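These notes are about the structure you will find just below.
The values are calculated or read from the model by the stated rules, or taken from the named source; none is laboratory data. Computed from a prediction, not measured in an experiment: that's the story for all the values here. Cβ: placed from backbone, ideal geometry, glycine included. Neighbour counts: every protein chain shown. Please note that ligands, DNA and RNA were not included when accessible areas were found on the heavy atoms of the full protein model with its side chains. Shrake-Rupley method; radii C 1.70, N 1.55, O 1.52, S 1.80 Å.
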Amino acid sequence: IEDYPGPGVVFISKTFMENLQLSEGEPVEVLGPYECVVQAKSHPNSWIDTRMVSFDRDTMDRAGFQMFNQVKLRKAVCVDAESVTLQAPEGADFSKQQIRTMLDKVNGMVLTEEGFLTLETSRGDTVRFRICETQPHELCRAAPGTGIKLLDQNRQEYVTSKDTLFNDIWGL
């Protein structure tokens with residue numbers, strides 16, 4: 001699918017979205033062997049059968065089903081996240097502003113603790129962050145006002161060579 005937004009999305013026909021009374025980007029609960037909540041997007045192919053949905057491999061694994069399985073979907077209630085704590089992948093070197101810009105591109109993305117959040121860089125590369133904590137602890141989604149805390153691989157505060165620290169300006 002073109003413009004693939006990463007894991008945590010289900011593509012649904014526009015007709016099926018109307019039947020479920022879903023708007024673009026709203027959360028939907030996937031009822032399979034394991035329940036999970038993902039973001040609903042209208043399928044980019046207008047010819048898609050109204051009864052078909054498309055998931056990425058990560059979401060299929062998380063929900064516990066295979067291709068061509070029957071799944072049930074229902075509208076979910078999801079609050080905006082106040083904050084999210086992300087663990088940067090090994091070797092990452094992003095400024096906090098770059099992370100903010102990447103997170104702003106996925107407004108509405110469902111966030112679950114101990115899950116993953118895949119973000120796209122300005123170059124089009126994808127970076128997978130582990131979600132360590134969300135506030136509130138219930139199911140929530142990324143929003144423009146969501147605060148970000150970054151941790152490194154040792155779960156210490158993430159510091160990058162691109163950040164300006166107090167010692168860099170020497171009290172100016």
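Annotation: amide H-H contacts under 5 Å for Ser83 (H modelled 1.01 Å from N, sequence separation of 5 or more, or interchain): Gln135, Gly147. Applying a threshold of 23 Å to the alpha-carbon distances of Lys72/Lys105; Lys41/Lys96; Lys14/Lys72; Lys41/Lys105; Lys41/Lys72; Lys41/Lys75 flags Lys72/Lys105; Lys41/Lys96 as lying beyond it.
If R0 is 30 Å, the Cβ-Cβ spacing of Lys105 and Tyr34 corresponds to a FRET efficiency of close to 0.65. When the solvent-accessible area of the chain is split by element, carbon and sulfur atoms take up 48 percent of it, the probe being 1.4 Å.
Annotation for the range 86-127: GluC sites (Glu not before Pro) lying in DSSP loop with at most 10 further Cβ atoms inside 10 Å of their Cβ are Glu90, Glu114. Annotation: extensible slack from Lys149 through Arg57 equals 30.4 nm (criterion: 0.36 nm per residue apart, minus Cα-Cα distance). Phi angles across the range 110-116 convert, under the Karplus curve 6.51 cos²θ - 1.76 cosθ + 1.60 with θ = phi - 60°, into 3J(HN,Hα) values of 6, 10, 10, 4, 6, x, 10 Hz, Gly and Pro given as x. The Thr160 and Gln21 beta-carbon pair, evaluated with R₀ = 45 Å, returns a calculated FRET efficiency of approximately 0.55. Helical content of the chain, expressed as a calculated mean residue ellipticity at 222 nm, amounts to -3500 deg cm²/dmol (DSSP H runs of 4 or more residues, -39,500 (n - 2.57) each, divided by residue number, nearest 500). Multiplying the residue separation of Asp93 and Trp47 by 0.36 nm and removing their Cα-Cα distance gives an extension gain of 12.4 nm. Spin-label model, Glu113 to Glu133: label points 7 Å out along the Cα-to-beta-carbon direction sit 0.9 nm apart. Taking chymotrypsin sites (Phe, Trp or Tyr not before Pro) in DSSP loop conformation with at most 11 other Cβ atoms inside 10 Å as exposed sites, the chain has its longest uninterrupted site-free stretch at 69-169.
Each of Gly145, Cys78, Thr118 was placed along the dipole of the chain (beta-carbon charges, centred on the mean Cα), and the one lying farthest toward the positive end is Cys78.
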